[in-house]
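K.L.:
This is the structure, below, for whatever I ask next.
The values are calculated or read from the model by the stated rules, or taken from the named source; none is laboratory data. Remember, it's a predicted structure, so these values are computed and weren't measured experimentally. No Cβ is skipped: glycine too gets one built from the backbone with ideal geometry, and neighbour counts run over all protein chains shown.
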Amino acid sequence: MNKLIETILDHRSIRKFTDQKITEDQIKIIVQAAQQASTSSYVMAYSIIGVTNETIKEQLCEVSGQPYVKDNGHLFVFCADLNRIHRLASSEVKKLLEKSMETTEQFMVAIIDTALAAQNATLAAESMDLGVCYLGSLRNDIHRVNDLLKLPDFVIPLFGLAIGYPAEKPEKKPRLPIDVVYHENNYELQDVTESLKKFDEELKTYYQNRSHNQRSDTWTKQMMRKYSKVQRAEVSSFVKNKNFNKS
């Protein structure tokens, strides 16, 4: 097994970092790695904001409710971005471009491009023995994040990525069995009851035996809790107000 595969398979979220900041060279390498990700039609429909202002980090931490938003080696915010395309257009063709950029297709392009870039950044960081944690919790108050980062139309904050030197090595969290997520040739509506039952038992054991935050829980129970109530409903209208996903 090569080093890259080992790095991928050893991934775990790090939520406690040392006080050591990562260097400008490391930041540059991480961003360059992100930029080498595959991109639809060469659009590169994302921007990456490095947050170094402690006041802004404090306020983003308030939005998130997670201390590692401010206590890390460096905080990145990944944004879907079609604004630079919009600014390229002359006034005569702006309306034509806007009609295209406001479609669900271009919204998906921007989200996928951003996610691919972020995963490359993650792999680059982890290859340098840094830890990472994705921060979807910044969408808890997406309007406030938008205002803090002064994002224009056609730019939306998708998630943060906290990177730094790990102050912990948590146990690796189990993943769903391959037969549950992998299909051949078409989507098979096979009975995965037994596979999920075994996975629930594996995850329950993981939660009970891990070194911190032990609890009795299963994947099935988590999903039922999560999807039994609507979360961050305001994100939908926010996205449309930013001129994404309007048609």
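K.L.:
Assigned to a loop (DSSP other than H, G, I, E, B) and aromatic (F, W, Y): which single residue out of Y187, Y207 fits that description?
P.N.:
After ruling out the rest, the residue left standing is Y187.
K.L.:
In the range 40-55, which residue that is within 19 Å of the chain's Cα centre (by Cα) and not polar (S, T, N, Q) is nearest to K150 (Cα to Cα)?
P.N.:
It comes out as I49.
K.L.:
Can we say S228 is more than 22 Å from the chain's Cα centre (by Cα) and farther than 29 Å from T114 by Cα?
P.N.:
So S228 does not fit the description; no.
K.L.:
Continuing with this model, one more query. What is the number of the single condition among (1) farther than 22 Å from I163 by Cβ; (2) of a type outside the set (D, E, K, R); (3) crowded, with 19+ Cβ neighbours inside 10 Å that H86 does not meet?
P.N.:
Unmet condition: (3).
K.L.:
Take the residues of the range 236-247 that are touching a strand residue (DSSP E or B) at 6+ places or on another chain (Cβ under 9 Å) and not in a loop (DSSP other than H, G, I, E, B): which is nearest to I156 (Cα to Cα)?
P.N.:
V239
K.L.:
Here is a further query. Quick one: how many residues across the range 152-177 are basic (K, R) and touching an Asp or Glu at 6+ places or on another chain (Cβ under 9 Å)?
P.N.:
Result for the range 152-177: 1.
K.L.:
Can you say whether V180 is among the hydrophobic types (A, V, I, L, M, F, W, C), in contact with an Asp or Glu (Cβ under 8 Å, 6 or more places away or on another chain) and farther than 30 Å from V145 by Cα, as far as the supplied structure shows?
P.N.:
Taking the combined requirement at face value, the residue does not satisfy it.
K.L.:
Please specify each residue of the range 94-113 satisfying the condition of being closer than 9 Å to A80 by Cα and not β-branched (V, I, T).
P.N.:
Those that are closer than 9 Å to A80 by Cα and not β-branched (V, I, T): F107, A110, D113.
K.L.:
Mind listing whichever residues of the range 25-54 are in a helix (DSSP H, G or I) and either modelled with pLDDT under 95 or of a type in the set (S, T, Y) (or both)?
P.N.:
S40, S41, Y42
K.L.:
Pull out all pairs, ordered by first then second residue, where Cβ-Cβ is under 7 Å, the residues are six or more apart or on different chains, the first lies in the range 229-247 and is of a type in the set (A, V, I, L, M, F, W, C), and the second is modelled with pLDDT of 95 or more and assigned to a helix (DSSP H, G or I).
P.N.:
Once the first residue is of a type in the set (A, V, I, L, M, F, W, C) and sits in the range 229-247, its partners that are modelled with pLDDT of 95 or more and assigned to a helix (DSSP H, G or I) give V235/R139; V235/I142; F238/I142; F238/H143; F244/F107.
K.L.:
Which of the residues belonging to the range 15-30 are closer than 24 Å to S137 by Cα and buried (at least 17 other Cβ atoms within 10 Å of the Cβ)?
P.N.:
R15, K16, F17, I22, I27, I30
K.L.:
Further, regarding this structure: Out of curiosity, is N213 modelled with pLDDT under 95 and either part of a loop (DSSP other than H, G, I, E, B) or not hydrophobic (A, V, I, L, M, F, W, C) (or both)?
P.N.:
Judged against the criteria, N213 is a match.
K.L.:
Checking L4 against (1) farther than 30 Å from S247 by Cα; (2) part of a helix (DSSP H, G or I); (3) at pLDDT 95 or above, which single condition isn't satisfied?
P.N.:
The number of the failed condition is (3).
K.L.:
Please work out if A124 is out of contact with any Phe, Trp or Tyr (no Cβ under 7 Å at 6 or more places or on another chain) and either at negative phi or of a type in the set (S, T, N, Q) (or both).
P.N.:
It is true that A124 is out of contact with any Phe, Trp or Tyr (no Cβ under 7 Å at 6 or more places or on another chain) and either at negative phi or of a type in the set (S, T, N, Q) (or both).
K.L.:
Separate question: Return the residue satisfying two criteria in turn: it lies in the range 127-157 and is of a type in the set (G, A, S) and in contact with a Phe, Trp or Tyr (Cβ under 7 Å, 6 or more places away or on another chain), and of such residues it is surrounded by the fewest Cβ atoms within 10 Å (Cβ to Cβ).
P.N.:
This residue is G136.
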